[in-house]
Structures are given as structure tokens and as C-alpha cells.
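Inspection log for the structure reproduced underneath, given as C-alpha cells.
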Amino acid sequence: MKEIFRFLLLGIFLFSVTNLYSEVPKHSDMDKTLLATWNKTFPVPYTKILKRDLTEKGVLYYRKNSKRSVYIYSYSVFLPLYAEQNEKPVKKDDNGREVKLKLIYDPSSKDEKYTIELGEFDEMYDAKGIIRWIR
């Protein structure tokens, strides 16, 4: 009887953990969100995503403070060179540069659920806030 109870308890636990991880969008699911957030934040668009998941560890579940946790997605995008023409940005040529960024998803935010921070995520600097990596 104890074994059946333990088995059922383990099954319920595994089912609840699986649901928790399945609610977190994958990098590929966030591509459209990244584009929309980028266009709201920056005046010039990127042309393509060079790489998703720069650390190859997955999505980072990160504690910003004691009451707020966020999901961090890492990307590398190609940003071409632009020139100004009639006060509008015009793509200059095929030259450009790689820009590394973090798309931050804050499900508890009432204003902006998605924000972008430029630069790589430095695990050593922010190690105290890391809760877990989610594949």
C-alpha cells in the first residue's frame, strides 16, 4: 500500500514539474516576440537572428529580487550599417555587426512583459540570482 501511495505521489510531482517547464516558451517560439520588442525599443531593425541560446544551456530562470523572477533568452542578431536619409534610417550596404542581447520575459510585470538588454549574460557576476536553466 505504501509503495502505491509513493508511486502516485511521485507521478503527481512529475506531472506538475512537467507542466511548469512546458509553460516556458522555447527560444524558437520567442522569435516574433523578440522582433516586436526590438522594434519598440530601437529605431533600426536587425536583419536576421544569427544564433539562439548563446550559452547552449537553455532559458535561464533568474531571480531579480526576492519577489520577482524572470526568464532570460540569449540571442545574437545581425545589425546592418544604416545611413540617414530624409531623417529616416536607410540600410547602407551588407556590412554590419553582430549584436548579442538578452530578451527578458517578466510574467509578473503589469506594464512591459518583455524587455531587451544588450550584451552577454555574465554568469559569474550574476551567479547569486540564478535559480536554474530550463531546456
What are the residues in region 43-64 that are without any contact (Cβ under 8 Å) to a residue 40 or more places away in the chain, open to solvent by 30 Å² or more (accessible area, probe 1.4 Å) and not in a strand (DSSP E or B), if any? 45, 56
When region 37-72 is checked residue by residue, the ones that are under 13 Å from the mean Cα position of the chain (by Cα) and either among the aromatic types (Phe, Trp, Tyr) or closer than 13 Å to residue 114 by Cβ (or both) are 37, 38, 61, 62, 70, 71, 72
For residue 118: the one exception among (1) aliphatic (A, V, I, L, M); (2) open to solvent by 70 Å² or more (accessible area, probe 1.4 Å); (3) more than 13 Å from the chain's Cα centre (by Cα): (3)
Taking residue 80 and the conditions (1) assigned to a strand (DSSP E or B); (2) exposed (fewer than 14 other Cβ atoms within 10 Å of the Cβ), which numbered condition does it fall short on, given that it satisfies the others? (2)
Pairs needed: first member in region 76-101, within 26 Å of residue 52 (Cα to Cα); second member anywhere, outside any strand (DSSP E or B) and of a type in the set (S, T, N, Q); C-beta distance under 9 Å; at least 6 residues apart or different chains. 77/47; 78/47; 79/47; 80/47; 91/47; 96/47
Any idea which residue in region 83-135 is modelled with the lowest pLDDT, counting only those that are under 17 Å from residue 56 (Cα atoms) and in a loop (DSSP other than H, G, I, E, B)? 124
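The values are calculated or read from the model by the stated rules, or taken from the named source; none is laboratory data. Quick caveat, the model's predicted, so the values are computed rather than measured. Cβ atoms come from the backbone with ideal geometry, glycine included; neighbour counts cover every protein chain shown. Accessible surface is based on the protein model in full, side chains and every heavy atom, while ligands, DNA and RNA are left aside. Shrake-Rupley method; radii C 1.70, N 1.55, O 1.52, S 1.80 Å.
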